[in-house]
Structure formats: C-alpha cells, structure tokens
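Asks: What follows is a structure written as structure tokens; I'll ask about it next.
No lab work stands behind these numbers, since they all come straight from the coordinates. Being a predicted model, the structure only gives us computed values, none of them experimental. Note: ideal-geometry Cβ built from the backbone for every residue, glycine included; neighbour counts use all protein chains shown.
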Amino acid sequence: MITYFIIFLLAAIPFLEVSMIVPVAVIGGLPVVPVIIIAFLGNLLTIILLIVFIDSIRNWRKRKKVNEEKNEPKSHQRAKQIWGKYGLPGLAFIGPFFVGSHLTALLAVTFGGTRSKTLVLMTASIAFWAISLGIAAHFGFDFLVKDEDDLGFITRLLNR
C-alpha cells in the first residue's frame, strides 16, 4: 500500500510525472493497471490544482520574472513552437513528453487556452501517456528481460 502512495506522490511531482514513474514501477515488477491508475491520479491532481490556481501562479511568475533576465528557457520556446504549429490539442498531447505535463498545462493556459479545454485535453493526454508507457514497459520488459520467476526489483526489495 505504501508503494502505491509513493507512486502517487512521485507522479504528482513536476518532471517525474507518469512518463517516468509508470515505466520504472512496471519494470520494477509492480502490476501495470494499478500503477497506471495511481500515477494518473497523482499527476492529474497537481494539474487540476495548477489550472485552478493559475492566476496566483501567473502573478508569482511575473514577480519572479522581474528579477530574472528576459531570456526564455528552451522548454518554453519548444512549447511555443508546438502551440504555433498544432494549437492546444497538439501542445496538450506532445508537450508532456518534451517539457512535462505541469509546464505544458501552465503554458497552454498562458498561451490562450481556456481552463476547461486545457483540463480536458491534459486529462486525456496524461491518460494516453500513462497507458501507452505502462503497456510498453510491461510488454517490452517482459519480452526482452523478465522471466516468469523474476518478480522485478521493486517487488524483491519489498519482500525482503
């Protein structure tokens, strides 16, 4: 039970998210479906909070930006390019893989996406990435390395 709580927390942390946590947990020997669901919920919770409190976050970023240089980070530049080429749906689905889901949601609303559309598309995107990466990790790892007797490194650590 504590393992799933840790997965939930790690998936909620920006830049770890489902894209890193789901494959590591599955390769570690945890069951695919619970890992996908728990990681999805952890990541989604922080995205919802981010979108709900976007105005406060924007004000904080503006105050912080006064003290920083005007140079825009590469991740923001990539997100702008995706936004310009594919719009909100493209950014919501492509962005999490390149810049992370939290930054993608923040930038999507900042670039002009509505909160409701951003939330719907980010939810779909996080679900897509969690399921895709979970399935890929499960079948890829089982096919290449794992045998029937090997429980995976996380399961072995917990059983000690």
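Asks: With unit charges on the beta carbons (Lys and Arg positive, Asp and Glu negative) and the dipole taken about the Cα centre of the range 1-102, which residue among 92, 16, 59 sits farthest to the positive side?
Replies: 59
Asks: Note the full-extension length gain between residue 55 and residue 117 as 0.36 nm times their separation in residues minus their Cα-Cα distance, in nm to one decimal.
Replies: Stretched fully, the residue 55-residue 117 segment lengthens by 20.7 nm.
Asks: Under 20 Å from a label point 7 Å along Cα→Cβ of residue 135: give me every residue in the range 6-32 with its amide N that close.
Replies: Backbone N within reach: 18-32.
Asks: Next question. Quick check: pseudo-label points 7 Å beyond the Cα along Cα→Cβ at residue 1 and residue 86, how many nm apart are they?
Replies: Going from the residue 1 label point to the residue 86 one covers 4.0 nm.
Asks: With +1 on the Cβ of every Lys and Arg and -1 on the Cβ of every Asp and Glu, and nothing else charged, how large is the dipole of the range 26-122 about its Cα centre, in debye rounded to the nearest 20?
Replies: 380 debye
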